[in-house]
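Structure first, commentary second.
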Amino acid sequence: MVFSPFTLPILTSEIILIISIFIFITVILLLIVLRTQINWVIKLILIVGSSLIYVGTYQGMINFTGWPTEQNLPNKFQIHWTHVKEPDKFTKAEGAIYLWVEELDEFNVPRGIPRAYKLPYTPPLEDAITLVHTNIQQGIEQAAEVRELNEEEIALYNERNRENTLTSGEQESLGYRMFQSISGVYQITFGDLPETELPDKSPF
């Protein structure tokens with residue numbers, strides 16, 4: 001259920017070219033550093049630092065490309081489309097759930113631009129996404145809200161789940177709609193797109 005922000009995308013020719021350029025620059029820098037008469041501690045810092053900069057830059061570039069991001073979802077958003085990729089038992093490839101969403105403001109008005117997100121695959125989450133996808137195909141606009149669970153809520157859920165005391169409603173509202181990221185555990189609630197709320201009129 002945990003997913004990593006360091007999942008590598010499919011290597012296209014463009015990505016391979018960018019990686020090759022970074023490796024070339026890093027190798028040249030390392031050769032210069034190793035042949036320079038400076039303290040070995042400074043050399044070690046430069047070597048480690050250049051490697052970290054390379055990894056950080058590469059990961060940052062992915063977030064600006066067309067690859068689905070694994071960053072946190074907006075608190076409230078409209079769902080434009082979904083795609084479920086089930087795990088492959090033969091290749092041992094992990095599954096994933098992809099959402100194309102657009103953030104909603106406090107008045108339920110879309111803001112920004114649609115963006116693709118990747119969630120870890122779980123069968124219960126797939127069931128919920130399948131219903132969302134069906135509604136979208138039928139012309140029923142869908143939305144969702146995301147809330148981060150605190151430690152007490154997570155512990156309570158895990159304890160009651162182990163004791164099998166969760167009601168069917170609780171299982172549907174929590175267990176079927178929870179996912180865990182590297183930054184925390186979240187509850188996601190799906191439903192029809194709410195109506196736009198008009199702001200209060202100014203008295204002036």
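Here are the numbers for the structure shown:
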read-out	value
The listed residue being among the aliphatic types (A, V, I, L, M), assigned to a helix (DSSP H, G or I), out of contact with any Gly (no Cβ under 7 Å at 6 or more places or on another chain) and at pLDDT below 80, out of LEU11, LEU34	LEU34
Any hit, the range 83-93, residues being of a type in the set (A, V, I, L, M, F, W, C) and surrounded by 12 or more Cβ atoms within 10 Å (Cβ to Cβ)	yes
Within the range 137-156, tally of residues that are at pLDDT 85 or above and assigned to a helix (DSSP H, G or I)	1
Residues of the range 95-114 satisfying the condition of being under 15 Å from the mean Cα position of the chain (by Cα) and either aromatic (Phe, Trp, Tyr) or exposed (fewer than 14 other Cβ atoms within 10 Å of the Cβ) (or both)	TYR98, TRP100
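The values are calculated or read from the model by the stated rules, or taken from the named source; none is laboratory data. Only a predicted model underlies this, so the values are computations on that prediction, with no experimental measurement involved. Positions of Cβ are backbone-derived with ideal geometry, glycine not excepted, and every protein chain shown enters the neighbour counts.
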